[in-house]
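K.L.:
If you scroll down you'll find the structure; I have some questions about it.
What follows draws every value from the coordinates through simple rules; no lab data is involved. The structure presented is a predicted model; accordingly, all values stated were derived computationally and were not measured.
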Amino acid sequence: MKSSNFIAIALLALLSINCMDRKTTTDTAATAPIFAKGEKGPAENFTGNAWNTPLVGDDSIYNTVIGNVYFEPGARSNWHSHPSGQILIITDGAGYHQVKGQPRQTLKKGDVVKCPPNVEHWHGASEDTGMQQLYILPKTEQGIVTWLQKVTDAEYKQSE
Ligand code: MN
């Protein structure tokens with residue numbers, strides 16, 4: 001083999017290894033949580049384990065609350081409503097959102113949900129996969145949340 005050919009092959013091999021390394025790094029980054037796990041949501045408002053991390057606190061300039069919730073598999077909020085509505089941005093995993101009287105909606109990474117003001121609803125993870133959601137609560141001078149009853153297993157599984 002001519003030495004120039006050998007060098008070319010050696011360079012190709014090095015480049016391939018470099019590409020494989022980069023792919024592995026990207027995949028790891030895509031599945032790592034963005035925010036801290038936070039504090040466990042209170043049992044009177046959640047079924048299962050839901051972890052809340054406040055990101056933007058309420059103040060009189062923005063009147064907006066932003067945070068992240070990680071729902072473990074099977075975990076969900078109680079039924080509740082927001083006086084000024086809520087926007088959810090799903091950043092990982094899989095879950096559900098349901099408005100009272102409507103079918104349960106499946107959520108996945110990248111979905112954006114607008115929950116209208118004073119509409120009764122719940123959100124949470126799927127049975128097998130957890131869900132990461134960012135929540136945005138606007139116009140907090142009108143209030144943030146009104147908590148209601150638990151989401152029963154039958155409601156969660158849509159079996160009634
Ligand atoms: Mn909500």
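K.L.:
List the residues whose amide H sits under 5 Å from the amide H of Lys109, counting only those 5 or more places along or on another chain, with H placed 1.01 Å from N in the peptide plane.
P.N.:
Under 5 Å from the amide H of Lys109 lie the amide H atoms of Gly93, each far enough along the sequence or on another chain.
K.L.:
What is region 20-160 by shape, rounded, prolate or oblate, if you read a ≥ b ≥ c off the alpha carbon gyration tensor as root eigenvalues and call it rounded for a/c under 1.5, prolate for a/b larger than b/c, and oblate otherwise?
P.N.:
oblate
K.L.:
Is the shape of region 115-160 rounded, prolate or oblate, going by the alpha carbon gyration tensor and its root eigenvalues a ≥ b ≥ c, with a/c under 1.5 for rounded and a/b larger than b/c for prolate?
P.N.:
Cα axes put region 115-160 in the oblate bin.
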